Amino acid sequence: MADTYQTITLSVDNAGVAQIEINRPKKLNALNNQVLDELNQAIERVETNSDIKGVLLTGAGEKAFVAGADISELAELDGAGGKSASGKGQAVFDRIESLNIPVIAVVDGYALGGGAELAMAAHIRVASPEAVIGLPEVSLGLIPGYGGTQRLPALVGKAKAYEMILTGQPVKADEALSAGLVNKVTEEPVEAAHSLFKAILKNGPLAVSKAIRAIRIAGSSDGFEKEASLFGELCETDDFKEGTSAFMEKRKADFTGK
Ligand code: COA
């Protein structure tokens, strides 16, 4: 990877899983403009590199995934600046959710404000028992602006989302798990995320990518129609022929992604 970053790191392992780590541990990985720009650049890298099969999002240091948007930058915003800053964060996070490969966030420590919103833009969240997840923006006189008012209700339902956003109070790992905000809580969240990638990446890659597309629009008016179209497209693929033949021949499928 030719890019150099100051506030994130990007590496790719042998399985093709790219790890993007937010790397400002002294500021608990708070998302300033530079982090958002570099995150956007890294996502572009991922989009254009077909060897990358999945993305792992992590935060550097012991204490936080990401403790929010950088409050020192937020403090300077006026109306127009605020709208545009919110639009910028939303665009980067939408780009993450729109990736056609699986994205898993590991929440170890604080995921507050923009950090919770970043984790919610991932397709799957794995937490450590130390995870503390919340949207405390109202305590700053704001509302979540990087998609939190939309993604939190989709994950936990409106009632819990009202409670969390209006009180601003975070939830700990066990409550996040029971609310459906995280998929798993474990002492070894990075290993658990890699196990999930292993389970996902043995499946037909085209099917995985179309499943992501379909689930992303769940609840929208054309969701069922889109599901049928994507299902039909998959029926034309080599992977579909290989997957069904392998089942009938009682052997492991060897998918080519075609
Ligand atoms: N923006 C900017 N800086 C932040 C930050 C944020 N969202 N969150 C933490 N930091 C900085 C602190 O200012 C501090 O910097 P300093 O050492 O230069 O003073 C450093 O990170 C460490 O944070 P600190 O508050 O000393 O750690 P803590 O363990 O006492 O508390 C938190 C941890 C997460 C409870 C606390 O940092 C916090 O409440 N952060 C803001 C959370 C928030 O409101 N996020 C939503 C923003 S929209």
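For region 82-135, a residue qualifies if it is farther than 30 Å from Ser50 by Cα and touching a Pro at 6+ places or on another chain (Cβ under 7 Å), and the qualifying residues are Leu112, Gly113, Ser128, Val132, Ile133, Gly134, Leu135.
Rundown of residues vs (1) within 13 Å of the ligand (Cβ to nearest atom); (2) part of a helix (DSSP H, G or I), yes/no style:
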site: Ser84; (1), (2): no, yes
site: Ile101; (1), (2): no, no
site: Ala111; (1), (2): yes, no
site: Leu118; (1), (2): yes, yes
site: Pro144; (1), (2): yes, no
site: Ala154; (1), (2): no, yes
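Of all residues in region 180-199, those that are in contact with a Leu (Cβ under 8 Å, 6 or more places away or on another chain) and either assigned to a helix (DSSP H, G or I) or among the hydroxyl-bearing types (Ser, Thr, Tyr) (or both) total 4.
Might you check whether a residue that is in a loop (DSSP other than H, G, I, E, B), within 30 Å of Ser139 (Cβ to Cβ) and not β-branched (Val, Ile, Thr) occurs anywhere in region 48-55? No: region 48-55 contains no residue that is in a loop (DSSP other than H, G, I, E, B), within 30 Å of Ser139 (Cβ to Cβ) and not β-branched (Val, Ile, Thr). Does at least one position in region 159-179 carry a residue that is in a helix (DSSP H, G or I), within 11 Å of the ligand (Cβ to nearest atom) and surrounded by 16 or more Cβ atoms within 10 Å (Cβ to Cβ)? For region 159-179, residues in a helix (DSSP H, G or I), within 11 Å of the ligand (Cβ to nearest atom) and surrounded by 16 or more Cβ atoms within 10 Å (Cβ to Cβ): absent.
Contact annotation: residue pairs with Cβ atoms under 9 Å, 6 or more positions apart or on different chains, pairing a residue in region 76-88 that is free of Cβ contacts under 8 Å to residues at least 40 places away in the same chain and surrounded by 14 or more Cβ atoms within 10 Å (Cβ to Cβ) with a partner that is part of a helix (DSSP H, G or I) and among the polar types (S, T, N, Q), are Leu77/Ser84. The set of residues in region 1-58 being more than 16 Å from the ligand (Cβ to nearest atom) and basic (Lys, Arg) consists of Arg45, Lys53. Taking the condition part of a loop (DSSP other than H, G, I, E, B), free of Cβ contacts under 8 Å to residues at least 40 places away in the same chain and surrounded by fewer than 16 Cβ atoms within 10 Å (Cβ to Cβ), does Gln150 pass? So Gln150 fails the test.
Inside region 120-130, can you point out the residues that are more than 16 Å from the ligand (Cβ to nearest atom) and either part of a strand (DSSP E or B) or without any contact (Cβ under 8 Å) to a residue 24 or more places away in the chain (or both)? Those that are more than 16 Å from the ligand (Cβ to nearest atom) and either part of a strand (DSSP E or B) or without any contact (Cβ under 8 Å) to a residue 24 or more places away in the chain (or both): Ile124, Arg125, Val126.
Throughout, read-outs are computed from the coordinates displayed, never taken from laboratory work. Predicted model only: the values in this text are computed from it and were never measured. When we count neighbours, we look across all protein chains shown, and the Cβ atoms used for this are built from the backbone with ideal geometry, even at glycine.
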